[in-house]
Each structure stands twice: as structure tokens, then as C-alpha cells.
Amino acid sequence: MRGVPRVARQMIELENVSKTYGGHAALSNVSLKVERGDMAFITGPSGAGKTTLFKLLYLAEKPDEGTITIAGCNAADLKSSSIPLVRRNIGVVFQDFKLLNNKTVYDNIALTLRIRGFMEREIKERVHSVLKMVNLRHKVDNYPLTLSGGEQQRITIARSIVGEPTVMLADEPTGNLDEENEKEIMRIFKQINTKGTTILIATHNRALYKNTARKVFFLEGGILKGEEE
Amino acid sequence: MFSLRLALQSVIKEKWMSLLSMLSIGVMLFILVSVAVIVYNVEKLTARLPERLTVMVILKDGVTSEENKAVLAAIKAEPTVKVVTFVSKEKALDELRRSLKKDDFILKGFADNPLFDSFDVKIKSEGVRVEDVKRLIQKIKSMKAVDDVEYGEALMDSVYALKSGLRALGLSIGIVFVCSVTFICYTTVKILFYRHKEEIEVYKLLGATRWFVRAPFFIEGSIIGIFGGVMGSGMLMGFYYYFLRKLVADIPMFAFMSIPVQFMYMLPAVGMLLGLGGSVLALGRLKY
């Protein structure tokens with residue numbers, strides 16, 4: 001990508017970021033850093049500002065104040081035409097999956113690559129490879145609504161990593177899942193992380209980050225209350 | 001290719017809406033082309049009007065044979081003139097007498113021949129406009145030996161007034177129907193866009209560019225326009241086979257009427273352009 005530095009120590013960096021909606025401060029003066037290859041968590045109660053923070057990180061919104069650097073790009077310097085190209089370096093996983101229910105598992109995952117203009121042969125190889133990683137190769141022709149919640153989330157993860165992003169953002173990825181699926185999802189995230197992808201997971205589930213020896217940011221009322229490792 | 005596939009899938013998925021839009025576009029393009037056919041035929045008919053009219057140049061009494069020759073040479077030299085024939089007043093009287101048949105007794109009241117020497121001027125059949133004929137007549141009238149010039153001025157003027165009126169009407173109808181077809185495509189594409197809004201949100205999250213998001217809708221609008229045009233061509237063909245051909249066979253007066261085959265090929269192309277235009281307008285100001 002032109003103008004995007006390939007090597008940057010900080011993959012995610014927020015400096016004094018604030019965001020207000022109709023007079024209500026969703027984020028106030030938030031600063032945090034996640035280094036290349038790290039897996040970090042951001043936690044806090046509902047309404048703490050986690051989703052707002054993610055919207056800013058995947059460039060769906062702009063901050064009122066402060067600077068955001070993601071995947072080596074300063075969000076303030078980006079033209080609107082460059083945003084799609086930066087997003088190709090960011091994999092996003094949502095609690096509600098955001099899968100296209102009228103498309104098969106294969107087409108949902110392949111979409112990421114079709115958007116980038118990959119040839120069908122390479123798409124096929126890559127889709128089967130990520131499906132193997134999330135243990136769902138046998139579901140390639142299924143439609144999302146025929147899958148369980150855990151399986152749908154694994155497909156969402158597969159879709160977000162098939163393009164080999166440098167950063168992955170997961171907003172409450174285990175929010176609707178049982179303990180077994182939770183463990184499976186976390187296993188996949190760790191496996192992705194070992195390959196060098198920087199991961200930031202938003203969750204209010206303590207069990208996800210407890211005893212992980214990973215960086216955890218505590219957010220409350222839009223203010224970063226602390227950080228621990 | 002992927003955009004084309006998405007567009008085709010959407011047309012098939014929303015088949016009733018697409019079909020209704022195509023049908024509406026087809027009917028409108030058919031009306032539009034029918035007006036064009038009428039204007040085309042009137043143009044064709046009136047283009048040969050000057051050729052059908054004979055201009056009669058009446059010479060003054062007592063014109064010498066030198067003056068007569070000079071007028072003949074001047075008229076013959078005109079590029080719009082095909083044939084010039086001298087008609088002496090004696091020959092004119094004979095012709096009049098023949099045309100009056102039994103009623104030729106009315107000529108007995110005249111002691112002398114009341115008619116004049118004249119020239120019958122035939123106009124060329126190709127490339128002569130009414131303005132050229134009018135200019136020629138003015139020129140002949142200004143000649144010293146010429147007393148008057150007679151031609152079907154009133155007929156020609158009313159036919160040409162009708163022709164310009166029809167042209168203006170055709171143009172107005174054309175503009176209204178072009179706007180209507182564009183509007184149908186605009187509305188269809190806008191509805192389809194809102195129906196795919198969630199899908200488009202996902203595309204954006206995965207890094208789709210504006211062009212990637214828009215291309216399927218542009219293609220879809222064009223497809224609807226093309227098929228609308230094909231339907232319009234079908235209706236025109238039906239009109240020709242089931243109406244115009246029978247009309248010409250029953251009433252020979254309409255034998256001059258025809259439909260240029262290019263109109264049938266042109267309709268799908270016109271439909272495509274209007275469909276594409278409608279799609280561009282529909283997505284042009286949307287922010288996403």
C-alpha cells in the first residue's frame with residue numbers, strides 16, 4: 001500500500017483521543033498502545049466506550065480530538081479513498097458475526113479476497129486453508145443460518161484472517177457463546193497471534209484474559225482507568 | 001466479473017421488481033420510438049414535396065424572343081431546376097380547351113387568346129429544401145420579363161408548418177420519456193441499493209472501494225435498461241407486423257410509411273445508456 005509504512009513498532013496507538021455523541025462523552029482523553037505482534041484485551045462494563053473505540057480503530061468514525069495510528073497509518077492523514085485500503089490490513093470480528101446469510105460459508109470468506117481482486121484459484125486455496133484452521137472445512141457449502149453460534153463466529157474469524165491482516169480487532173467475540181466455544185475461539189486467536197498478527201479483543205468476560213499474561217486495558221465511562229500486564 | 005455476477009444475481013433475486021421496471025421502460029421506449037417513426041415518415045414525405053410542385057412562370061405580354069431566351073437561360077442555370085418547358089399562349093389555350101371538354105364554349109366569349117406565354121419549371125427531386133424553392137421564386141419574380149410566378153405556396157407552407165409543429169412535439173415527448181425512463185432506473189436502483197444496505201456495510205468493513213460497491217448497481221441499471229429496450233423493440237416489431245403492414249395493405253395512402261430497422265437495434269442501446277444514467281444519478285449523491 002502506497003504511503004503506508006511497512007514496519008512500525010506500534011500497531012495500535014491512541015493519543016488523547018476523545019469522542020462525543022450529542023454532548024455525551026463516549027471517550028475522554030484515551031491513550032493506549034499495542035505493539036506489533038501483541039495480543040491485548042480491552043475490558044469494562046457495558047457503555048464503557050469499547051465499541052466506540054473499535055469504531056474509531058476500524059475507521060468507521062473520526063475522533064473529535066487526539067490521534068489514532070493503526071496498522072502503521074495515522075487516521076487523520078487518510079483520504080476517504082484510502083480508508084478501504086487500510087481496512088484490508090485490519091481484520092474485524094463482531095459479536096453479531098455480520099455474515100451474509102444468503103451466501104455460503106465459502107462465498108462469505110471468499111468475499112474478502114474478491115474485494116481485493118484475487119484470482120479464483122488462489123481464493124479457493126486460501127479459503128480452504130483458513131477453514132482448516134478453524135476446523136470447519138466440512139461446512140464449506142453451508143449457509144450461515146444452518147450453523148451454531150460458535151461455528152458462525154469461527155467463520156467470521158476465518159473471513160477476517162483470510163486476507164492476512166496485520167491487525168485484528170474483535171468486539172465481544174465470545175459474547176453469545178458457551179464455555180466450550182469460548183475456549184475454541186480463544187485457541188484460534190492465540191494461533192493467529194503466534195503467526196504475528198496483532199490482536200485487540202474487547203470483552204467484559206474476565207475469564208478470557210485472566211491468567212493470560214497479556215496486556216489488559218480497563219475502560220469505564222469513556223475513561224481509561226488503568227492498564228495491567 | 002464478480003460485479004457482473006452480483007448484478008445478475010440481484011436481477012434474478014428481485015425478478016418481479018426488475019421485470020416491472022423493464023416492462024415500464026419497454027412501454028415508454030416504444031411510445032418514444034413511435035413518435036420518432038411518425039416524425040421520420042413525415043420528414044421523408046415532405047422531403048420530396050418540392051419535386052411534386054410545378055412552378056409556373058408567367059411572362060409579360062409582348063416579350064421579345066431575346067427576352068424569352070434570356071429568362072429560359074437564367075432559369076436553367078439555377079441548380080435547383082430540373083426541367084424548364086416553354087408553353088406558348090396558343091398551346092396553353094389548346095390545353096385549356098381540352099381540359100374543359102364540353103364546357104369549352106365559355107372560351108367563345110373571348111375575342112383574343114386571354115392566356116400568356118409561360119414556362120413550366122420542374123424542381124429537382126434530391127436535396128432541394130423549401131427555402132431554396134422560395135429563393136428561386138423570388139429571383140424569377142424579380143426578372144424584367146416575368147409578370148408573375150405561381151406555385152403551391154399555401155400547400156407547401158401548411159405542410160411545413162405541420163412538419164415543424166410535429167418536430168417540436170416529438171422533441172418534447174422525447175425529453176419527457178427520456179426523463180421518465182431515467183427516473184424508473186433511478187428509483188429501481190435506489191430501492192435495490194437500500195435492500196442491500198447491510199450487505200454493503202459488510203463489504204465496506206472488508207475493505208471494498210466505492211467503485212466495488214457501486215459497480216454491481218451500475219451494471220444492474222444497465223441490464224434493466226437493455227432488457228427494457230429489447231421489450232420496446234419487440235413491441236415495435238409487433239406493431240409493424242400486426243398493424244402497420246395490414247394498414248398499408250388495406251389503405252394504399254399509407255404506403256409511404258416504414259420503420260427504419262436501425263430503430264429496433266438502437267432501442268436496447270438507448271435503454272442501456274438511460275439505465276446507466278439512472279444508476280449513476282441514484283448512487284451519485286449517496287454517502288457510504
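Observations on the model:
- Residue in region A:82-89 that is at pLDDT below 90, more than 16 Å from the chain's Cα centre (by Cα), in a loop (DSSP other than H, G, I, E, B) and within 13 Å of another protein chain (Cβ to nearest Cβ) present: yes
- If the condition is being over 16 Å from B:Lys124 (Cα atoms) and assigned to a strand (DSSP E or B), then region B:65-90 contributes B:Phe86, B:Val87.
- Residue within region A:64-74 that is assigned to a loop (DSSP other than H, G, I, E, B), modelled with pLDDT of 90 or more, more than 14 Å from chain B (Cβ to nearest Cβ) and surrounded by fewer than 16 Cβ atoms within 10 Å (Cβ to Cβ) present: yes
- Residue match in region B:64-81 (condition: under 22 Å from B:Leu155 (Cα atoms) and surrounded by 15 or more Cβ atoms within 10 Å (Cβ to Cβ)): yes
- Residue that is farthest from A:Thr112 (Cα to Cα) [pool: residues in region B:205-222 that are within 7 Å of chain A (Cβ to nearest Cβ) and not polar (S, T, N, Q)]: B:Phe212
Quick grid of which residues meet (1) crowded, with 17+ Cβ neighbours inside 10 Å; (2) of a type in the set (Lys, Arg); (3) in contact (Cβ under 8 Å) with a residue 60 or more places away in the chain:
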| site | (1), (2), (3) |
| --- | --- |
| B:Lys15 | no, yes, no |
| B:Val57 | yes, no, yes |
| B:Thr85 | no, no, no |
| B:Leu96 | no, no, no |
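- Flag for B:Thr182 being of a type in the set (S, T, N, Q), under 28 Å from A:Arg116 (Cβ atoms) and not assigned by TED's automatic domain parsing to the domain that holds B:Glu78: no
- Checklist (1) over 30 Å from B:Ala7 (Cβ atoms); (2) in the same structural domain as B:Glu43 (by TED's automatic domain parsing) applied to B:Arg135, failing item: (2)
- Taking region B:197-288 as the region of interest, the helices (runs of 4 or more DSSP H) fully inside it that hold 3 or more residues being modelled with pLDDT of 85 or more, aliphatic (A, V, I, L, M) and under 30 Å from B:Lys13 (Cβ atoms) are B:197-205, B:210-239, B:261-284.
- For A:Asn101, the criteria (1) surrounded by 16 or more Cβ atoms within 10 Å (Cβ to Cβ); (2) modelled with pLDDT of 90 or more; (3) within 14 Å of chain B (Cβ to nearest Cβ); (4) closer than 25 Å to B:Arg195 by Cβ hold in every case but one, which is (1).
The values are calculated or read from the model by the stated rules, or taken from the named source; none is laboratory data. The model shown is predicted, which means the values in this text are computed figures rather than measured ones. Don't worry about glycine lacking a Cβ; one is built from the backbone with ideal geometry, like all the others, and counts go over all protein chains shown.
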